[in-house]
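In what follows, a structure is listed as structure tokens, so that the remarks can point back to it.
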Amino acid sequence: ADDSWQELSEAEKAQCLPAQPAWKKILISFAGPGANFLLAILIYTGLFAGLGQSVTPPVVGSVVANGAAAAAGLKIGDRITSIDGREVEDFRGIGILVAANPGQLIPLTVVRGGKEQVINLTPSVVMERDRFGNTFRIGRIGIGSTPPQIVRTSLWEAPILATRETGKNISLIAYGLWQLVTGRQSVKDLGGP
């Protein structure tokens with residue numbers, strides 16, 4: 001460890017990170033990520049207050065013939081409420097959760113005709129290549145969404161929705177990392193620079 005900071009004057013030590021107490025070091029370490037979260041919330045707040053929120057409900061709008069969804073019995077109009085025990089609030093969440101489970105049996109909780117039921121299906125494995133040349137496996141079930149809806153939000157409601165949206169994104173990232181740690185997703189499937 002570099003201890004050269006101990007040779008500084010007291011005034012310089014007051015400005016030096018290694019000389020700070022542990023609680024200050026922790027606060028400083030979390031300041032950068034915290035600022036990023038606040039920036040995301042501010043950007044979402046501006047978008048939601050100015051343009052409204054684009055919402056695509058987790059409802060099956062189309063089913064691809066011979067796809068995993070068709071084989072499992074999903075029908076147009078089915079509302080998917082959870083995948084593999086994780087709640088789904090919009091159609092984007094379906095794609096993210098399914099993509100993370102290529103070739104693995106996953107339970108979907110579906111509401112059809114007012115009744116809830118569990119449908120087990122195995123997403124097809126699709127090999128994709130990103131612009132950097134990395135190949136990775138993606139799960140696909142073969143469904144399409146219903147048209148998105150723009151929901152107007154008030155100025156006081158926009159920060160609440162923005163915080164919730166940021167939290168959902170954090171949760172989905174944590175889910176993906178958990179899959180890597182538990183071995184459900186291979187590190188080889190990571191793409192990007």
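Okay, helix-only estimate at 222 nm for the chain: each DSSP H run of n ≥ 4 adds -39500 (n - 2.57), divide by all residues, round to 500 deg cm²/dmol; what do you get? It would help to have the intermediate numbers written out before the result.
Working: 5 runs with 73 residues, N = 193.
Rounded to the nearest 500, it is -12500 deg cm²/dmol.
Counting each pair of different Cα atoms once, what's the Kirkwood radius of the chain in Å, rounded to one decimal?
On the way: mean 1/r = 0.0500 Å⁻¹.
Kirkwood radius, the chain: 20.0 Å.
Taking loop as defined by DSSP and a crowding limit of 14 other beta carbons within 10 Å, which trypsin sites (Lys or Arg not before Pro) in segment 59-101 fit?
75
Figure the gain on full extension for residue 20 and residue 62 (residue separation times 0.36 nm, minus the Cα-Cα span) and round it to one decimal in nm.
On the way: separation 42, 0.36 × 42 = 15.12 nm, distance 5.87 nm.
Residue separation times 0.36 nm, minus the Cα-Cα distance, leaves 9.3 nm.
If you bin the C-alpha pair distances of segment 1-68 every 10 Å from 0, what whole percents do you get?
Pairs per bin, as whole percents: 15, 21, 17, 17, 13, 10, 6, 1.
Around residue 146, with a cut-off of 12 angstrom between Cβ atoms, what is the net charge of the other residues, counting Lys and Arg +1 and Asp and Glu -1? Provide the component values of the computation, followed by the final result.
Working: positive: 79; negative: 78, 90.
Computed value for this residue: -1.
Please give the Cα centre distance for segment 120-134 versus segment 88-115, rounded to the nearest Å.
17
Could you give the dipole magnitude of the chain about its Cα centre, charging the beta-carbon of Lys and Arg +1 and that of Asp and Glu -1, in debye to the nearest 20? Don't skip to the end; give the middle numbers.
Numbers: 18 positive and 16 negative charges, 171 e Å.
The calculated dipole for the chain is roughly 820 debye.
Decide, for segment 29-138, between rounded, prolate and oblate: order the square roots of the alpha carbon gyration tensor eigenvalues as a ≥ b ≥ c, take rounded if a/c falls under 1.5, and otherwise choose prolate if a/b is larger than b/c, else oblate. Before the final figure, lay out the partial values.
On the way: a/c = 2.19, a/b = 1.43, b/c = 1.54.
The shape class here is oblate.
Coordinate-derived values only; no laboratory data. The structure presented is a predicted model; accordingly, all values stated were derived computationally and were not measured. Glycine also receives a Cβ, built like all others from the backbone with ideal geometry; neighbour counts cover every protein chain displayed.
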